[in-house]
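Peer 1: The structure's right below; bear with me while I get my questions together.
The values are calculated or read from the model by the stated rules, or taken from the named source; none is laboratory data. Because the structure is predicted, anything quoted here is derived from the model rather than measured. Because the Cβ atoms are built from the backbone with ideal geometry, glycine has one as well, and the counts that use them run over all protein chains shown.
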Amino acid sequence: MTLKHQTSSVFVFQRLPGGWRIGLIRHPRLHRMMIPGGHVEQEESCAEAALREVAEETGLAVSLVAPPAAPVPRGYRARRVALPWWIAEYQVPPDNHLGVPHVHVDHLYVALAGCTPPPPGGDQAGGGAASKARVGADQPGADQPGGEHPFGWYAAGELAGLYMFDDARLMALSMLAGLADGADGTDSAAAALVAGLGRA
């Protein structure tokens with residue numbers, strides 16, 4: 001029997017003076033650039049885990065962007081939980097939660113960072129170049145203040161040169177393309193993200 005653990009991960013975007021960027025952490029064990037995320041605790045929903053993981057790993061407070069969803073009839077009273085954009089399963093090696101190979105059932109969310117500044121010393125217009133220096137393999141201890149992991153903002157053109165999972169790169173590039181073509185805030189972000197994904 002394959003063991004499955006619920007996880008939540010978040011594609012975090014921010015509009016900086018030079019354009020839209022995606023926020024990536026440098027994973028301490030896998031040594032890859034990754035979107036923030038982790039295991040869902042027993043006392044929280046997947047959406048709550050998504051927000052917690054971003055805050056713990058990056059020091060950022062973010063707003064989840066709601067995906068397109070079916071409407072709920074008027075008068076429905078149950079508390080609704082924020083939906084992920086996707087749910088995917090990944091076979092993973094033993095980790096700090098389980099000492100045997102298992103499956104992560106990953107709830108993938110999209111979020112926008114608000115007025116949180118980029119890491120100190122970062123070039124807001126160039127975002128990634130300064131950030132990349134902070135989180136590169138030669139500086140594994142660099143941290144975003146308040147976050148557990150090295151973190152930086154990256155433009156679409158910088159993703160090809162990063163050591164990251166191909167699926168995450170593909171999704172990030174598609175969403176960044178959509179955001180670049182028309183998102184000016186939270187209200188228009190969902191439509192822009194869908195448009196970018198539709199062109200992929």
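Peer 1: If I go through the stretch 170-180 residue by residue, how many of them are surrounded by fewer than 17 Cβ atoms within 10 Å (Cβ to Cβ) and within 14 Å of SER9 (Cα to Cα)?
Peer 2: The qualifying residues number 0.
Listed here are the residues, each with its yes/no results for (1) within 21 Å of ALA189 (Cα to Cα); (2) buried (at least 18 other Cβ atoms within 10 Å of the Cβ); (3) charged (D, E, K, R); (4) modelled with pLDDT of 85 or more.
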site: HIS31; (1), (2), (3), (4): no, no, no, yes
site: GLU41; (1), (2), (3), (4): no, no, yes, yes
site: ALA61; (1), (2), (3), (4): yes, no, no, yes
site: HIS104; (1), (2), (3), (4): no, yes, no, yes
site: LEU108; (1), (2), (3), (4): yes, yes, no, yes
site: ALA113; (1), (2), (3), (4): yes, yes, no, yes
site: SER131; (1), (2), (3), (4): no, yes, no, no
site: GLY141; (1), (2), (3), (4): no, no, no, no
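Peer 1: Which residue pairs have Cβ atoms closer than 6 Å, lie 6 or more positions apart in sequence or on different chains, and pair a first residue in the stretch 10-37 that is within 16 Å of ALA155 (Cα to Cα) with a second residue that is surrounded by 19 or more Cβ atoms within 10 Å (Cβ to Cβ) and among the acidic types (Asp, Glu)?
Peer 2: Once the first residue is within 16 Å of ALA155 (Cα to Cα) and sits in the stretch 10-37, its partners that are surrounded by 19 or more Cβ atoms within 10 Å (Cβ to Cβ) and among the acidic types (Asp, Glu) give ILE25/GLU57.
Peer 1: Moving to a separate point now. Applying the selection to the stretch 41-75, what residues are part of a helix (DSSP H, G or I) and not charged (D, E, K, R)?
Peer 2: Within the stretch 41-75, CYS46, ALA47, ALA49, ALA50, LEU51, VAL54, ALA55, THR58 meet the criteria.
Peer 1: Also, quick follow-up: Which of the following residues is farther than 20 Å from ALA172 by Cβ, in contact (Cβ under 8 Å) with a residue 40 or more places away in the chain, assigned to a strand (DSSP E or B) and among the β-branched types (Val, Ile, Thr): VAL105, VAL100? Lay out the reasoning, then the answer.
Peer 2: On the way: VAL100 fails: assigned to a strand (DSSP E or B).
Checking each option against the conditions leaves just VAL105.
Peer 1: Consider the stretch 1-29. How many of its residues are assigned to a strand (DSSP E or B) and loosely packed, with under 14 Cβ neighbours inside 10 Å?
Peer 2: 1
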